[in-house]
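The values are calculated or read from the model by the stated rules, or taken from the named source; none is laboratory data. Just so it is clear, the model here is predicted, and its values are computed rather than measured. Here the Cβ is made from the backbone with ideal geometry for all residues, glycine too, and neighbour counts use every protein chain on show. Heads up: the accessible areas ignore ligands, DNA and RNA and are worked out on the full protein's heavy atoms, side chains in. Shrake-Rupley method; radii C 1.70, N 1.55, O 1.52, S 1.80 Å.
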Amino acid sequence: MTDPGEFADRSAKRPWVRHVMVAGTLLGTLAVCAAVPPGCHPGPASYALRLVPASEAAVACGWLHRRCRRQVADACAVSDAVQDVLLRPLPSRVGGLALASVYRASGGRARVGGDLYAVARADAATRVIIGDVRGRGLSSFLDVIAVLGAFREWAPQAPSLTELSARLEASFLRHLADAHDDADERFVTALLLEVPDREPLAHMVNYGHPPLVRARRGDVALLPGHPCPPLGLSSLCDVRAHESAFELGPDDTLLLYTDSLIEARDRAGVCFPLLERAATWTWNDRLRRSQDRLRGVLGQILDDVVAHCGALPADDLALIALARRGEEGTAALPRRS
């Protein structure tokens, strides 16, 4: 089974250096061929003279190869630093929750893409956001920064999930107002989740994001909540964020994901059958710790996606699996029959 931690590392590798080496070899070969005109049979001295440009080309290719390797290494170092600051790895334990997560950017070694997630504590509750920025490139990267910055500032302070949603929307609209390029076409689908430590009901606001999955007692279902326009589009329609509540028991598991999971297609163009495959995953295993069980679920998801598509998804992918921790969540909440 795929380990979620190894998934991002393996998917981040790309054969850039190999391409440079192949190009250098071909260039050197062409230079050697150009040094000897066809139909000529020169002597050894003439061969030596004509091979001088080929040796110069080989030296140039070697220099280009070393320079490209340094540039790739520098770019990877910057990308890793941005990843650590912007998309911090989610902790395995937050309050009364156990979590596991996977993040993969479509850019390979450019490990920051258009998907985002974060977690924060607010009094006696844990708040989670997962989202997907429209588009790619620098503008989408700036949108990720804007949303995550607003969430990290307001999630610990906002008295309710509805208030947090309003502040996120206002902050993102201010960000778009300062943008110079295609601001009218930029938006973010997102799902906000709040799980109180000592209450059975969880709360969510869905900004046009794919519905979360809840697994309980062998049954798997989608919980879409009340649909709201994506962040950044509230000016087009007078629809305010609507908070939905649902039960999250001690034996329940939630899966939050971005749309690249359900849009992953096989060679025939068939999308990944999420609910069909979710019914086969091992959501509950009382012999394993919560964190290990959740990592196991994500590993099964990744294996199924690769089996369905024949390769890793080409788009950004973010996954979060969470559940109440047995040592705290079970003791705090009654079990319902």
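Restricting segment 151-179 to residues that are of a type in the set (D, E) and in a helix (DSSP H, G or I) leaves a set whose member that is surrounded by the most Cβ atoms within 10 Å (Cβ to Cβ) is E169. Within segment 78-124, the residues that satisfy the criterion of being at pLDDT 70 or above, over 27 Å from A202 (Cα atoms) and small (G, A, S) are A105, G113. Within segment 267-313, if we keep just the residues that are in contact with a Lys or Arg (Cβ under 9 Å, 6 or more places away or on another chain) and β-branched (V, I, T), the residue that is farthest from T253 (Cα to Cα) turns out to be V305. In segment 309-326 there is at least one residue that is at pLDDT below 90, part of a helix (DSSP H, G or I) and surrounded by fewer than 17 Cβ atoms within 10 Å (Cβ to Cβ).
In this structure, is R214 in a helix (DSSP H, G or I) and open to solvent by less than 70 Å² (accessible area, probe 1.4 Å)? Reasoning before the result, please.
Working: in a helix (DSSP H, G or I): no; open to solvent by less than 70 Å² (accessible area, probe 1.4 Å): yes.
Considered against the rule, which asks whether it is in a helix (DSSP H, G or I) and open to solvent by less than 70 Å² (accessible area, probe 1.4 Å), R214 comes out as no.
Let's see how each residue does on (1) surrounded by fewer than 12 Cβ atoms within 10 Å (Cβ to Cβ); (2) under 20 Å from L319 (Cα atoms):
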position	(1), (2)
C228	no, no
S234	no, no
T253	no, yes
T258	no, yes
L261	no, yes
R267	yes, no
L274	no, yes
W281	no, yes
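Scanning segment 136-150 for residues that are farther than 13 Å from V119 by Cα and either open to solvent by less than 20 Å² (accessible area, probe 1.4 Å) or not polar (S, T, N, Q) (or both) yields R136, G137, L138, S140, F141, L142, D143, V144, I145, A146.
Restrict the check to segment 194-203 and report whether at least one residue is in a strand (DSSP E or B) and either surrounded by fewer than 21 Cβ atoms within 10 Å (Cβ to Cβ) or without any contact (Cβ under 8 Å) to a residue 12 or more places away in the chain (or both).
Checked against the condition, which is being in a strand (DSSP E or B) and either surrounded by fewer than 21 Cβ atoms within 10 Å (Cβ to Cβ) or without any contact (Cβ under 8 Å) to a residue 12 or more places away in the chain (or both), segment 194-203 yields at least one hit.
Can G296 be described as buried (at least 19 other Cβ atoms within 10 Å of the Cβ) and at pLDDT 85 or above? When the stated conditions are applied, G296 passes them.
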